[in-house]
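Student: Below is a structure I'd like to ask you about.
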Ligand code: GDP
């Protein structure tokens, strides 16, 4: 989170410089949050609340206001008592569907998550449901080999729903615990995307009642506000249960986490912090905000 920190480092500096809070302080605060990609409407809401809180509690210096800002950010990021862990249970086949546009880190995230489950002793299977993009199947297989899990695939161009159907039956035969399903991310053609996702979901629901247990949207944090518009489009195409935000190691704009949460109300469940197998972490709002000010 070093880069995300550096954007917010200005916050620390701001708090240090303003012995007394005035209008200029709030303006600077707004600028910093907007430049960190928190999103204009979210920033306005946040700063307004902060202003009235300061007035109510008669807070005059920025140092005393900082814990309130931290608390508000944490609350924005996570409802109290919210469970951001994955809906995965022992004794059943757990199906996790991954959606998102090309290049965001979907395949990498599936690989990392396969590794995570495998190291917890789970039997994992991957479904190569992106039959559209050239190279998608091979790329998933590279991850399969790296992690040591089987990949169920068909030829490029085949029906993704058929691949998913196949993979469910293979998963049953292998007594797998977790099936991670890749899908194609064609946002250019929203109607196709919706139909394809709907068909995949129908197949999953028919074969495994109650599934998919998670539908995770993968977003690239470095694309800033673009990630937010992708999130809006995908939430119309599929009912999302969570977000994986990748490449947080490569951006100074981690504030997009706040914007996504505030505008879509879908929890960020995992963050990607690099290209390696171990670079996936459960998202922890308190830890995230703490790191911003630490
Ligand atoms: P897909 O097209 O969505 O499947 O994307 P890929 O999984 O192929 O990832 C695209 C690129 O982003 C690859 O070069 C990955 O190594 C890289 N990548 C994925 N996740 C992360 C991350 O958390 N941090 C960094 N720095 N790079 C990542």
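Student: Residue 75 versus residue 169, label points 7 Å from Cα toward the beta carbon: distance in nm?
Tutor: 5.3
Student: Need the C-alpha centroid separation for region 97-171 versus region 208-232, integer Å.
Tutor: Using only Cα atoms, the two centres lie 16 Å from each other.
Student: In the chain, what % of DSSP beta bridges are antiparallel (nearest 5)?
Tutor: 10
Student: Taking 0.36 nm per residue of sequence separation and subtracting the Cα-Cα distance, how much length would be gained by fully extending the chain between residue 275 and residue 84, in nm to one decimal?
Tutor: Full extension of this stretch gives 66.5 nm more.
Student: If packing is taken as the mean number of other Cβ atoms within 10 Å per residue, what is the order of 52-62, 258-268, 135-145, highest first?
Tutor: The densest-packed peptide leads the list: 258-268, 135-145, 52-62.
Student: Something else: What do the square roots of 5 times the Cα gyration tensor eigenvalues come to for region 68-117, in whole Å, largest first, as semi-axes of the equivalent ellipsoid?
Tutor: Its equivalent ellipsoid spans semi-axes of 27, 18, 9 Å.
Student: Suppose the chain between residue 27 and residue 49 were pulled fully straight at 0.36 nm per residue; how much longer would it get relative to their current alpha carbon spacing?
Tutor: Result for the pair: 6.5 nm of gain on full extension.
Student: In deg cm²/dmol, rounded to 500, what helix-only [θ] at 222 nm does the chain give when every DSSP H run of at least 4 residues adds -39500 (n - 2.57) and the total is split over its residues?
Tutor: -16500 deg cm²/dmol
Student: With angles folded into 0 to 90 degrees, how steeply does helix 160-173 sit against the dominant principal axis of the chain? Use alpha carbons for both and round to 10.
Tutor: 80
Student: Using a Förster distance of 45 Å, how high is the FRET efficiency between residue 199 and residue 35, based on the Cβ-Cβ distance and rounded to 0.05?
Tutor: 0.60
Student: For region 22-112, place one equal point scatterer on every Cα, skip the solvent, and apply the Debye formula. What is log10 of I(q)/I(0) at q = 0.26 Å⁻¹?
Tutor: Values, matching the q order: -1.35.
Student: In degrees from 0 to 90, rounded to the nearest 10, what is the angle of the helix 62-77 Cα long axis to the longest principal axis of the chain?
Tutor: Compared with the principal axis, the helix lies near 20 degrees.
Student: If you count, for each residue, the other Cβ atoms within 10 Å and average over each peptide, how do 13-22, 120-129 line up from highest to lowest?
Tutor: Taking the mean over residues of other Cβ atoms within 10 Å, the ranking is 120-129, 13-22.
Every read-out reported here was derived from the displayed coordinates using simple, explicitly stated rules and does not represent laboratory data. Not measured: the values here are computed from a predicted model. Virtual Cβ from ideal backbone geometry, glycine too; neighbours counted across all protein chains shown.
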